[in-house]
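Have a look at the structure below, then the notes.
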Amino acid sequence: MAIRNIMLSSLLAHPILTIFLLPVTLVVLRSVYRISPLHPLSHIPGPLVPRLSSLWLTYHAWIGDEASVVDALHKKYGTIVRNGPNSVDISDGAALATIYTERGGFAKTKFYENFALPDGVHMHNSIFSETDPLTRAPRAKAVAVLFSTSNLRQGQDLIYACVDKFVARLAEGKKSSQARGSAPLNILNLTRGLAVDAVSSYLLGKSYGALSEDSDQNKDEKRAVRKELAEPMSAAGMVDTFVAVGRFWYLPSWLFKLVESWDAWWNADEEVTHSLARVDDFVAGVVKDAEASISANAAQWKDKATVPATPNHPLTSYPARLLQAGFNSSETRAQCKDLIFAGSDSTGMNLATILFMLAKHPECYRKARDEILASKPGFDELQSLPYLRGVVKEGLRLSMANPSRLPRIVPPESWTFKDTHFPGGTEISCTPYSLHLNPEVFPDPFGFKPERWIDPSEEMMRDAIPFGLGSRQCIARNLATVELYCAVARVIEAGILQGAVTVKSEIEILEWFNSKVIGERIDLVWQ
Ligand code: HEM
């Protein structure tokens, strides 16, 4: 009692010192608690610094080596490792089912909400960034049918139209590269262009026109496409801006907003501003078209059976479905913008990686070409060609479009995995990088070996999670898969990769949530 009174009176006597010392004391006490045996995760192995502070993960996310650094922890400490004061990563595929799939899986962590999108002054969570399953459900339900295999089959002409334009641009790029003495062609730019055009044509009811010279795009864009087919498409600035958000997504929301605004100001660039405005205009246009179509067809819509089933009909497009499900125009615009981002970055990166690997491994290219030329597959046969399937699956395994952990929260009732207990509220994750490069499941993990998928083990099927898993897996998995198969098959069939070689031996990335290809180029030249 006496000690307490002495402490209190000295603190009151020096209020300035108290204001300074109190938070420092609290931080020190919290740090001591986090590394003490009293902490509920004290039984999980891991190095000292991440146990002390979540700044460790924040730092590694920022510099872009999070996935490989966490993988190195697994190599040192085992399959279950503590990578933050309240955070654990598991590199054992047996944990996937409970974390992501069974009974809807565990909820996404709050920092997903840092990926919310603006529409003017309003921020909206997208289907991706929404953490509350009840809020996400009606939005996902409104659009899910567009991603069904039967809908995609009906919309195959739209996808093939984009793919054929892409193949033509790639062929032009090859010619121009050869004419300029083997100048490098940035295929990432073209694959991203295909992805934006496929998503916009198939889901938004109108092509963005990233690959078009003869569309109604403005002159600057036409010139950019013509110049060397390696200029960034106009949506690139917007896509890169959202990719870059992944480097500080672990920050608390208030700090995230400050850092994001500072970053936008510090890195202000005319091209990015133009890109953001162009995507905003495009999205505003498709939402307006959907609204006009809904009011023009109000009577027809009353009888749902009369609405045409074609996927790009103005009444059945992605924005039209959201509007008719009762979501306002502002939110619908934000959801559409998210598609342009989610749909172009990952599909573009995966397709470019597959083409890069085929150029790097001409023996694989020859096998895939022989198979395709022998079977002349239609849309429905593509995914059952064994070697082509191996090429696509191996590309998805190695491309690391989303290399880092997919974090979730252990529910309040807690969870025990293989005798290790995790209290409710623990941040828990599996990391695609560690699972995809696990030599016990994928021998010679860095090697590009399509044949390993001809008779895959159960563990391979379980641990390859390029699209995530369970109820929050990629909503557009079927669409992205169809795009990859159609594009890879048509590029191989056209013989464009004959004589192609890669400029670099590896694709170097920053391991942000959506990885960034360093230099934003994946170059090929032709010999
Ligand atoms: C090869 C291409 C693609 C890959 C590898 C990919 C990967 C992923 C992954 C890993 C997730 C889950 C993230 C998590 O659990 O935290 C995800 C979710 C999502 N993706 Fe994709 N994606 C691809 C293409 C697309 C496309 C083309 C679109 C849109 C047209 C899209 C839209 C979405 C959306 C909306 C979600 C959130 C789903 C939800 O939480 O309910 N993705 N994607």
Furthest towards positive pole of dipole, 368, 184, 27, structure part the chain, Cβ charges: 27
Quick one: which of 141-147, 68-74 comes out on top by average Cβ neighbours within 10 Å, and what's the full order, highest first? 68-74, 141-147
Heavy atoms of residue 459: accessible area, 1.4 Å probe, square angstrom to 10: 80 Å²
Roughly speaking, what is the centre-to-centre gap between the range 426-488 and the range 56-78 when only Cα atoms are used, to the nearest Å? 20 Å
With all protein chains present and a 1.4 Å probe, the order of 271, 113 from largest accessible area down is 271, 113
Taking Cα atoms, how many degrees apart are the long axis of helix 156-179 and the longest axis of the chain, rounded to 10 and kept between 0 and 90? 80 degrees
For the chain, taking Cα atoms only, what is the radius of gyration to one decimal and the Dmax to the nearest whole Å? 25.0, 92
Expected unfolding gain across residue 28-residue 280 under the 0.36 nm per residue rule, minus the alpha-carbon gap, is 86.1 nm
Could you pull the accessible area for residue 122 with a 1.4 Å probe, rounded to 10 Å²? 110 Å²
Strictly over 18 Å apart at the Cα level, which of 367/449; 393/449; 165/337; 165/504; 108/257; 174/360 would you flag in this model? 165/337; 165/504; 108/257
Provide the packing ranking of 199-208, 436-445, 474-483, i.e. peptides ordered by the mean count of other C-beta atoms within 10 Å per residue, highest first. 199-208, 474-483, 436-445
Spin-label pair residue 384/residue 148, simplified geometry with 7 Å Cα→Cβ offset, distance in nm: 2.1 nm
Beyond 18 Å, what share of the Cα-Cα pairs of the range 44-120 remains, rounded to the nearest whole percent? 51 percent
In debye to the nearest 20, how big a dipole does the range 43-526 give about its Cα centre with +1 on each Lys and Arg Cβ and -1 on each Asp and Glu Cβ? 340 debye
Loop only by DSSP, 12 or fewer other Cβ within 10 Å of the Cβ. Give me the trypsin sites (Lys or Arg not before Pro) in the range 169-201 that pass, ordered by residue number. 180
Filter the chymotrypsin sites (Phe, Trp or Tyr not before Pro) in the range 403-490 down to the DSSP loop ones having no more than 11 other Cβ atoms within 10 Å, then list what survives. 446
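The values are calculated or read from the model by the stated rules, or taken from the named source; none is laboratory data. Everything numeric here is computed off the predicted structure, so don't read it as measured data. Using ideal geometry, Cβ is built from the backbone for each residue, glycine included, and neighbour counts are taken over all protein chains shown. Side chains are part of the model used for accessible areas, which takes the heavy atoms of the whole protein and leaves out ligands, DNA and RNA. Shrake-Rupley method; radii C 1.70, N 1.55, O 1.52, S 1.80 Å.
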